[in-house]
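Presented below is the structure to which this report refers.
The values are calculated or read from the model by the stated rules, or taken from the named source; none is laboratory data. Just so it is clear, the structure is predicted and the values come from calculations on it, not from any experiment. Cβ placement follows ideal geometry from the backbone for every residue including glycine, while neighbour counts extend to all protein chains displayed.
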Amino acid sequence: MTMRLFRRYCEICGVDLGKDQDLVRFGKHFCSEEHASKYADEVEQRRRTAPVEGHGDCCYVEEVTDLAKDPVCGMEVSERSAKYKSTHMGKVYYFCSATCKAKFDKSPMKYV
């Protein structure tokens, strides 16, 4: 009789995993490929919408590289989909709103 020293549970549904059912992805345990994919999608969504400072390597190694910080309010803005942009001294700055862009354009040295 083989005795397991600790139990493994699926990260999504919490089911107790047997040795034949244990699927390891991203350093986590899942009962199916479907749940592993769901977990990956949830992690990616959290990273893009509400990244937690100092919390990255433990959840996912890949970095989101298309995010820029609005120099006026500090909000993260996607470089790909940013509606408001300004160039100052050869560098492109991205903004969350027309208001932040207008403040920056009025006195850019205050924000760089």
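Summary table
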{"item": "Residue count for the range 16-41, restricted to those that are in a helix (DSSP H, G or I) and crowded, with 17+ Cβ neighbours inside 10 Å", "result": "3"}
{"item": "The lone exception for HIS88 - which of (1) at pLDDT 85 or above; (2) surrounded by 13 or more Cβ atoms within 10 Å (Cβ to Cβ); (3) within 20 Å of the chain's Cα centre (by Cα); (4) not small (Gly, Ala, Ser) it fails", "result": "(3)"}
{"item": "Residue ID - modelled with the highest pLDDT, chosen from residues in the range 42-57 that are among the acidic types (Asp, Glu) and surrounded by 11 or more Cβ atoms within 10 Å (Cβ to Cβ)", "result": "GLU42"}
{"item": "Any hit, the range 83-102, residues being in a loop (DSSP other than H, G, I, E, B), outside the structural domain of GLU44 (by TED's automatic domain parsing), out of contact with any helix residue (DSSP H, G or I) (no Cβ under 7 Å at 6 or more places or on another chain) and under 20 Å from GLU44 (Cβ atoms)", "result": "no"}
{"item": "Test: GLU11 is at pLDDT 70 or above, surrounded by fewer than 14 Cβ atoms within 10 Å (Cβ to Cβ) and either farther than 27 Å from ARG80 by Cβ or not assigned by TED's automatic domain parsing to the domain that holds GLU79 (or both)", "result": "no"}
